[in-house]
Amino acid sequence: MADVAGMLTLLVDQSATVAVAESLTGGLIGAAITSVSGSSKAFRGGVISYATDLKHELLGVPEELLRREGAVHPDVAASMAAGVARLCGATYGLAVTGVAGPDPQDGKPVGTVYAAVSGPGGQIRARALRLQGSRERIRVETVDEAVDLLSGVLKANIGEHSG
């Protein structure tokens with residue numbers, strides 16, 4: 001299980017904030033973050049863009065990208081992350097999109113998931129996942145992987161800004 005409290009500590013220590021854009025997790029990342037006491041110091045909010053059209057309408061994912069690749073694509077995750085950071089006024093945007101099952105989506109098999117972090121200066125870090133198990137297991141593992149991805153970015157930023 002991901003260290004959500006540790007991630008929040010890193011955010012607070014860097015005077016940074018995060019917003020989330022969730023598709024397949026349906027709010028689980030936001031719920032995991034807000035389950036930690038004091039999360040309001042770093043968590044701005046988020047968007048559950050389960051429907052593909054909302055990825056464009058709310059988060060600014062290009063229509064052409066969605067039409068060409070579908071909703072399950074690394075560039076969609078990256079665009080969602082940048083969009084939610086902008087929308088919520090956060091330092092970092094954390095986004096996930098993928099296929100939890102039971103059926104494939106956009107030609108992608110169940111367990112195909114993309115997570116992305118958008119940070120200061122437009123930096124984007126993405127992770128492609130191939131998860132297995134039940135729908136619920138895929139969703140829970142996606143939360144863990146997304147939190148770990150953001151934690152890794154935050155830890156790397158400590159190294160960039162230290163002596």
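Data table
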| item | result |
| --- | --- |
| Residue within region 56-71 that is among the charged types (D, E, K, R) and either within 15 Å of the chain's Cα centre (by Cα) or closer than 18 Å to A146 by Cα (or both) present | no |
| Which listed residue, of A2, A32, is at pLDDT below 95, surrounded by 17 or more Cβ atoms within 10 Å (Cβ to Cβ) and either under 18 Å from T142 (Cβ atoms) or of a type outside the set (A, V, I, L, M) (or both) | A2 |
| Subset of region 110-151 [under 14 Å from M1 (Cα atoms), among the β-branched types (V, I, T) and under 10 Å from the mean Cα position of the chain (by Cα)] | T142, V143, V147 |
| Selected residue [farther than 17 Å from S49 by Cα and either in contact with a strand residue (DSSP E or B) (Cβ under 7 Å, 6 or more places away or on another chain) or among the polar types (S, T, N, Q) (or both)] from G121, G111 | G111 |
| Given (1) of a type in the set (S, T, N, Q); (2) more than 18 Å from V76 (Cβ to Cβ); (3) in contact with a helix residue (DSSP H, G or I) (Cβ under 6 Å, 6 or more places away or on another chain), index of the condition S134 fails | (3) |
| Breaking point among (1) of a type in the set (A, V, I, L, M); (2) part of a loop (DSSP other than H, G, I, E, B); (3) more than 18 Å from S151 (Cα to Cα), for V47 | (2) |
| Top-ranked residue in region 54-68 [being among the aliphatic types (A, V, I, L, M) and in contact with a strand residue (DSSP E or B) (Cβ under 8 Å, 6 or more places away or on another chain); ranked as surrounded by the most Cβ atoms within 10 Å (Cβ to Cβ)] | L59 |
| Some residue of region 91-98 being surrounded by 22 or more Cβ atoms within 10 Å (Cβ to Cβ), touching an Asp or Glu at 6+ places or on another chain (Cβ under 7 Å) and at pLDDT 95 or above | yes |
| Test: residue in region 86-109 that is more than 16 Å from the chain's Cα centre (by Cα), of a type in the set (K, R) and more than 21 Å from L129 (Cα to Cα) | no |
| Condition check for G163: modelled with pLDDT under 95, of a type outside the set (S, T, N, Q) and in a helix (DSSP H, G or I) | no |
| Yes/no for A156 being buried (at least 22 other Cβ atoms within 10 Å of the Cβ) and either in contact with a helix residue (DSSP H, G or I) (Cβ under 6 Å, 6 or more places away or on another chain) or farther than 23 Å from G26 by Cβ (or both) | no |
| Within region 15-61, tally of residues that are among the hydroxyl-bearing types (S, T, Y) and more than 19 Å from A77 (Cα to Cα) | 6 |
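The values are calculated or read from the model by the stated rules, or taken from the named source; none is laboratory data. What you see is a predicted model; the values in this text were computed from it and never measured. Backbone-built Cβ (ideal geometry, glycine too); neighbour counts: all protein chains shown.
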